[in-house]
1. For the range 311-324, give me the residue count where each residue is farther than 22 Å from Ser73 by Cα and in contact with a helix residue (DSSP H, G or I) (Cβ under 7 Å, 6 or more places away or on another chain).
2. Just to be sure before I move on: is Leu47 within 16 Å of the ligand (Cβ to nearest atom) and at pLDDT 95 or above in the structure I sent?
3. If Ile235 meets every condition in (1) surrounded by fewer than 14 Cβ atoms within 10 Å (Cβ to Cβ); (2) of a type outside the set (D, E, K, R); (3) within 30 Å of Asp386 (Cα to Cα) apart from one, which number is that one?
4. Mind listing just one residue for me: the one in the range 378-413 that is hydrophobic (A, V, I, L, M, F, W, C) and in a loop (DSSP other than H, G, I, E, B) and, of those, surrounded by the most Cβ atoms within 10 Å (Cβ to Cβ)?
5. May I ask you to list the residues in the range 18-51 that are within 19 Å of the chain's Cα centre (by Cα), of a type in the set (D, E, K, R) and surrounded by fewer than 19 Cβ atoms within 10 Å (Cβ to Cβ)?
6. Just for the range 274-283: of the residues that are touching a residue at least 60 places away in the same chain (Cβ under 8 Å) and out of contact with any Leu (no Cβ under 7 Å at 6 or more places or on another chain), which one is farthest from the ligand (Cβ to nearest atom)?
7. All but one of (1) away from the ligand (no atom under 15 Å from the Cβ); (2) part of a strand (DSSP E or B) hold for Asp201; state the number of the condition that does not hold.
8. Based on what the data block shows, is Met109 more than 10 Å from the ligand (Cβ to nearest atom), under 16 Å from Gly10 (Cα atoms) and surrounded by 15 or more Cβ atoms within 10 Å (Cβ to Cβ)?
Amino acid sequence: MGRPVGIIAGGGLVGLTLALALHEKGFKSKIYESVSEIKPLGVGINLLPHSVTSLSKLGLLSELEKVAIKTSSLSYYTDDGKLIWSEKRGLAAGYDVPQFSIHRGDFHMILLNAVKERLGEDAIVQDHRFESYREEGGKVIASFTNHAGDQKREDVTADYLIGADGINSRLRKILYPDEGPPHYSGQMLWRGVTEMDPYLDGRSMFMAGHNDLKLVAYPIREESRKRGKSYINWIAERRIPSDLAARQGDWNKEGTLDEFASYFDDWKLDWLDIKSLYRNAISIHKFPMIDRNPIPKWSFGLVTLMGDAAHAMYPNGSNGVSQGVLDAMTFADLIAEDSSDIPSLLQKYEDARREAVSKIVLANRETGPERVMEMVKEKCKGECGDKHTCVPEDTLEEVATSYKRLAGFHKDNLKNS
Ligand SMILES: Cc1cc2nc3c(=O)[nH]c(=O)nc-3n(C[C@H](O)[C@H](O)[C@H](O)COP(=O)(O)OP(=O)(O)OC[C@H]3O[C@@H](n4cnc5c(N)ncnc54)[C@H](O)[C@@H]3O)c2cc1C
């Protein structure tokens, strides 16, 4: 048998990363994406140092540096602007590689261009929605429909199939037909971008408030920073009870200011005008904070799950895409070691990733490293000065450190990577 060839269902961030990682190891794959044209959608995401190390191995570091912000710090505040905890990030924290804050669309285009250049234009087939699969004679046959056109069905045969088809994965639905819609946290997120004067050093990420009402912001475009401006990604988060729970996540749904902005009227951050941030938004999207329960198995015969399809998680900890990048790199490393037995390869991939990522999904439900904001909300009697001292510094540090270890981006985790 020659080298196995894979089908990747889903040309999102993880599907494209996987195709590049496989190509780097000398393995062929073909990506089938449901939309008829991949466009630079979404707003901000973070690439943590462990995934940047991987992306750097794929030769993408210089492209990322051109467009993304090298995040310098992450700080937590209460809604009156008092500091809870601040830590350096990326290069500023002594990592060998940056942490990047980047527009999802910019990252998607970097990956797409690299796939087309390295694997060829025909490595990605668009307007092909994955519908079903069957196994025959040691091969997998995947069926796709062309939904924008004439609903034609196309069957494709390969050695294995990876479902990298996002939070509403079709492959996951086939494997777990009774699972139902995603699990809703009770919080709605309004995600926007605004170009305005920089705050703090123009590279800082911050979160303010608590679980019932929160603002997260970070700049995401280097080009804007170079012009003396800041292209700020922000997320306004508000608790909204459960009638929304049944809603499937639609990343393209638009939001409006009247749904959330007035809740922040009495907030005060000395270094950022929150009203201007909201009012001058270029775009606002609305997305419920949802995830999926960890599942007991990802790999079944010749098929497996990857990225959000395997482990959609709350954005607390800014870890979602980084974990998907690690899935892709792990799979490529394992197939390069031994590709003779596909079911056992897919099982090894699952063994390497599933349990570790499931723990992160659950930790993010407990708000991950953002737990420090809840701790202050519970403890503070209003007697702290400019900086909160109501929770001891070493307790705050322990929350930050233990999350980094769990998610695999503590400096100790990266020593030999
Ligand atoms: C339009 C969009 C906007 C987003 N915006 C943000 C954002 O602003 N911030 C953020 O943190 N995260 C955002 N995300 C999610 C984020 O990209 C993921 O959480 C993370 O990157 C994991 O990537 P993934 O490749 O597993 O999933 P995704 O990036 O969601 O990619 C899944 C891909 O599979 C395709 N697909 C779905 N079903 C099928 C099917 N049946 N057959 C073939 N292809 C299929 C989708 O069109 C998509 O391209 C967005 C996702 C999408 C699709």
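1. Narrowing the range 311-324 to residues farther than 22 Å from Ser73 by Cα: 311-313, 324.
Subsequent filtering for residues that are in contact with a helix residue (DSSP H, G or I) (Cβ under 7 Å, 6 or more places away or on another chain) retains 311, 313, 324.
Final tally of qualifying residues: 3.
2. yes
3. Every listed condition holds for Ile235 apart from (1).
4. For the range 378-413, the residue satisfying everything is Phe409.
5. The one that is within 19 Å of the chain's Cα centre (by Cα), of a type in the set (D, E, K, R) and surrounded by fewer than 19 Cβ atoms within 10 Å (Cβ to Cβ): Lys39.
6. Narrowing the range 274-283 to residues touching a residue at least 60 places away in the same chain (Cβ under 8 Å): 276-278, 280-283.
Now drop any that are not out of contact with any Leu (no Cβ under 7 Å at 6 or more places or on another chain), which leaves 276-277, 280-283.
On the way: Ser276: 21, Leu277: 17, Asn280: 19, Ala281: 14, Ile282: 13, Ser283: 10 Å.
Checking each candidate, the answer is Ser276.
7. If we test Asp201 against (1) away from the ligand (no atom under 15 Å from the Cβ); (2) part of a strand (DSSP E or B), just (2) comes out false.
8. Details: more than 10 Å from the ligand (Cβ to nearest atom): yes; under 16 Å from Gly10 (Cα atoms): yes; surrounded by 15 or more Cβ atoms within 10 Å (Cβ to Cβ): yes.
When the stated conditions are applied, Met109 passes them.
The values are calculated or read from the model by the stated rules, or taken from the named source; none is laboratory data. Predicted model only: the values in this text are computed from it and were never measured. Note that each Cβ is placed from the backbone with ideal geometry, even for glycine, and that neighbours are counted across all protein chains shown.
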